[in-house]
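For reference, the structure discussed in these notes is given below.
The values are calculated or read from the model by the stated rules, or taken from the named source; none is laboratory data. Being a predicted model, the structure only gives us computed values, none of them experimental. When we count neighbours, we look across all protein chains shown, and the Cβ atoms used for this are built from the backbone with ideal geometry, even at glycine. For the accessible areas, the whole protein counts, side chains as well, though only heavy atoms, and no ligand, DNA or RNA atoms are used. Shrake-Rupley method; radii C 1.70, N 1.55, O 1.52, S 1.80 Å.
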Amino acid sequence: MSDEPANRRDVEGSTEPRESPTVDPPIDGGSDDAPPVVTDGGEEPDSDGRPIETDGEGVVGDHADHGETDYPDPDDDIGGISTPPDDEEMPLADHIEEMVLRFAIVLLFGATGTAIGLLGASEALEFIWLDVFPTQAEQVPPPHIYHPLELWMTRIKLSALLGIMVALPTFVYECYKFMKPGLYPHERKYYLASVPLSVVLAALGMLFSYVLVLPVLFQYFTYYAEGSADIAYALGETFDLIITLTGFLAIVFQIPLFIMLAIMMGVTTRRWLAQKRLYFWAGFAGLSFMFTMDPTGMAPIIVAVTMIILFEGTLLVLRWVGRD
């Protein structure tokens, strides 16, 4: 029988030389009667003086701490990134299904508005035609039709414009319901504050186009054509210009909202926008000439001036309230 101590790990068949146990001296201030701490190769003493086996990477043996590692909860903030309070994981198919259902609701409202518009499309065409020309009713040039479906296509376009106006609030609401779980409380506040304002600005833009811009344009068109040609306005092309200009100005009137949201979210500052105003003026002119179909240049000039006035007016209000 071997005389080696029982706490020595003996590998059967090993021929490697064994190291002799060493006795550590007593720790200063300790009692001389304390038992010596025996270490052997990969063994280290613990706080109680008992040997702890190690394998070079961690503690092994009977005295190892087998406590579970505290990993972060998946719902907690990880890496400083927090999640919205109502956010929850959903399969991609569920997201797509919800989006399709909400989009179908928007289409239903838009189709309903278009159908209602078709019922009174003829009366609406006559009213708008007589109203946009700044002359007496008997002096307004009559509309001309140059292909068989022109009248019906014009009715459908005007009715579709009404359908878009009806579907716009529904679209905004359904977008909010779809994005609400992924929005933080302050983002919801910005959204709820900006969406009604956006609808109001769009309505103001359409009213501005109908009351001021279109009468000026048609007076100009009529004036430069008098004496040189017989005036004959095509029904379809005339209403294409009316619808396009009205819709474009509804978007143009969103400029103050875009500027205020960008400054509130820290994307830019009023001072920076004021320094780069010439670039914005050039961009406004380019957009107006690109989307306003008028070879005479009158409509793009009016739209560009309107965009510049909205831009500068918003900066002036922000400066007045002390927002840099």
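The C-beta contact set for region 173-188 (first residue closer than 12 Å to residue 98 by Cβ and part of a helix (DSSP H, G or I), second residue open to solvent by less than 40 Å² (accessible area, probe 1.4 Å) and of a type in the set (A, V, I, L, M), distance under 7 angstrom, 6+ apart or interchain) comprises 174/106.
Quick check on this structure: which one of 220, 224, 233 is under 16 Å from residue 132 (Cα atoms), hydroxyl-bearing (Ser, Thr, Tyr) and open to solvent by 60 Å² or more (accessible area, probe 1.4 Å)?
Answer to the selection: 220.
Quick check: anything in region 275-291 surrounded by 14 or more Cβ atoms within 10 Å (Cβ to Cβ) and touching a Pro at 6+ places or on another chain (Cβ under 6 Å)? Scanning region 275-291, I find at least one residue that is surrounded by 14 or more Cβ atoms within 10 Å (Cβ to Cβ) and touching a Pro at 6+ places or on another chain (Cβ under 6 Å), so the answer is yes.
Residues checked against (1) under 28 Å from residue 215 (Cβ atoms); (2) open to solvent by 80 Å² or more (accessible area, probe 1.4 Å); (3) at pLDDT 85 or above; (4) touching a strand residue (DSSP E or B) at 6+ places or on another chain (Cβ under 6 Å):
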{"site": "138", "(1), (2), (3), (4)": "yes, yes, no, no"}
{"site": "145", "(1), (2), (3), (4)": "yes, yes, yes, no"}
{"site": "149", "(1), (2), (3), (4)": "no, yes, yes, no"}
{"site": "156", "(1), (2), (3), (4)": "yes, no, yes, no"}
{"site": "160", "(1), (2), (3), (4)": "yes, no, yes, no"}
{"site": "168", "(1), (2), (3), (4)": "yes, no, no, no"}
{"site": "173", "(1), (2), (3), (4)": "no, yes, no, no"}
{"site": "176", "(1), (2), (3), (4)": "no, no, no, no"}
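From the list 266, 313, exactly one residue is under 22 Å from the mean Cα position of the chain (by Cα) and surrounded by fewer than 18 Cβ atoms within 10 Å (Cβ to Cβ). Which is it? It is 266.
Yes or no, residue by residue, for (1) of a type outside the set (Asp, Glu); (2) over 13 Å from residue 110 (Cα atoms):
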{"residue": "124", "(1), (2)": "yes, yes"}
{"residue": "129", "(1), (2)": "yes, yes"}
{"residue": "150", "(1), (2)": "no, yes"}
{"residue": "159", "(1), (2)": "yes, no"}
{"residue": "165", "(1), (2)": "yes, no"}
{"residue": "170", "(1), (2)": "yes, no"}
{"residue": "181", "(1), (2)": "yes, yes"}
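Of the residues making up region 193-215, those that are under 19 Å from residue 299 (Cα atoms) and open to solvent by 70 Å² or more (accessible area, probe 1.4 Å) number 4.
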